[in-house]
Amino acid sequence: MHVTHLIKAVGIAGAERHLLTLLPGLRARGIDVDLILLVEPDRLLDSYVQMMEAAGIPVERRIIHSHADLSLVPWLNGRLRQRKPDILHTHLIHADLYGTLAARLAGVRVVTSRHNDDPFRTKAPLRQMLQFLWHLTSAGIAISSAVARFTIETEGAPADKLHVVHYGIAHWQGEIDKRAARADLRRELQLAPDALVIGIISRLIAQKGIDDGLRAFKQVADEFPDGHLVIAGDGALRETLELEAERLQLGTRVHFLGWRSDAVRVMAALDIFLMPSLWEGFGLTLLEAMSMAVPVVATSVSAIPEIVAHQETGLLVPPHDVNGLADALRLLMGDSALRHHMGMLGEDRLETHFSAERMIDETQAVYQRVLG
């Protein structure tokens, strides 16, 4: 079986990191896998290509200069006719639109993954275009039941074509020395060795609700003078969020780390992981928190309740509920035994529900159904 994957990427976020696990896993099962990566001129993603190639995945990049690039269809059609894959597997909106049309012209079956319940998919004429493309698609994969419902309701995806395959990751516990990671982060930030650290690890965009997280931390900061909030990631709202932290007079209690290549070690150093998202197709960092036995405080939106077991592996509150976020933080910050217990349950839940092996097996099964 030969499967070509297609994605447009501007950074290494959830969908891109998912492919770093999925593609080598499929290759290990004997599937011939390659990747076509659509990139922007100033974001060539050299490091991502290097990671893929180091895992044995051939990568071809194509630079695109605008969202509307009709030359992509004949170019992709030509590449598919040369490569002759059994399946083109598309990820994210550019690949869905251009890849599906090109594959149809080349006589190649299409599997499409839906990675998020993005509000822009509800707007005309894009909504009508996506509805049409389902007639050209052999099967779809939704990364959560929430995304599956959204895709059926918004795009008119046939329920019998759509399969839920949750993200999965390898269990990192044991590969990273948590004690050393904790000490390193606190030393870097010049904190006391026993400082209580809450962390947000995400792109700094409106979807992630980080301003709500800042306001919730403000409510508990005086009660826990050894508590600190670290925010790892970058994005368009960084300056706005830094100004908000100043307005809240949080001073040295909030630490903006920027983009981190060692985000896994940052996660391992946390006492609590905070995800105040407004919507979330999945939330891969939730699995990373579970892998490091870090309890979670998050919003009960989209797919998050499928991942975080409320009052077992973490605490869930409604979106934009700053008081609720503060109450959840207050409870966990004040109870180290509860943090440890929820972290251990999260680790167990990762093993039973969100392993990389299960994700790879279920994706392969979709391919086999498509090929009969």
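The values are calculated or read from the model by the stated rules, or taken from the named source; none is laboratory data. A quick note: this is a predicted structure, and the numbers were derived from the prediction, not measured. Cβ sites come from the backbone with ideal geometry, for glycine too, and all protein chains shown count toward neighbours.
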For SER113, work out the one condition from (1) surrounded by fewer than 19 Cβ atoms within 10 Å (Cβ to Cβ); (2) touching a His at 6+ places or on another chain (Cβ under 9 Å); (3) not charged (D, E, K, R) it doesn't fulfil. (1)
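Conditions (1) surrounded by 20 or more Cβ atoms within 10 Å (Cβ to Cβ); (2) hydrophobic (A, V, I, L, M, F, W, C), marked per residue:
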| site | (1), (2) |
| --- | --- |
| LEU257 | no, yes |
| ASP262 | no, no |
| THR285 | yes, no |
| ALA298 | yes, yes |
| SER302 | yes, no |
| ILE307 | yes, yes |
Cβ pairs under 9 Å, 6+ apart or interchain, first in the stretch 225-248 and in contact (Cβ under 8 Å) with a residue 40 or more places away in the chain, second part of a helix (DSSP H, G or I) and not aliphatic (A, V, I, L, M), ordered by first then second residue, are GLY227/PHE217; GLY227/ARG253; LEU229/GLY213; LEU229/PHE217; LEU229/ARG253
Does any residue in the stretch 82-100 that is in the same structural domain as ALA142 (by TED's automatic domain parsing) and over 15 Å from PHE132 (Cα atoms) come within less than 7 Å, Cβ to Cβ, of a residue that is polar (S, T, N, Q) and outside any strand (DSSP E or B) six or more places away or on a different chain, and which pairs are these? THR90/THR100
Number of positions in the stretch 269-322 that are in contact with a Phe, Trp or Tyr (Cβ under 7 Å, 6 or more places away or on another chain) and over 30 Å from ASP184 (Cβ atoms): 3
Just wondering, is there one or more residues in the stretch 228-251 that are under 20 Å from LEU287 (Cα atoms) and small (Gly, Ala, Ser)? yes
Given the conditions (1) more than 16 Å from MET333 (Cα to Cα); (2) surrounded by fewer than 17 Cβ atoms within 10 Å (Cβ to Cβ); (3) at pLDDT 95 or above, every one holds for TYR167 apart from (2)
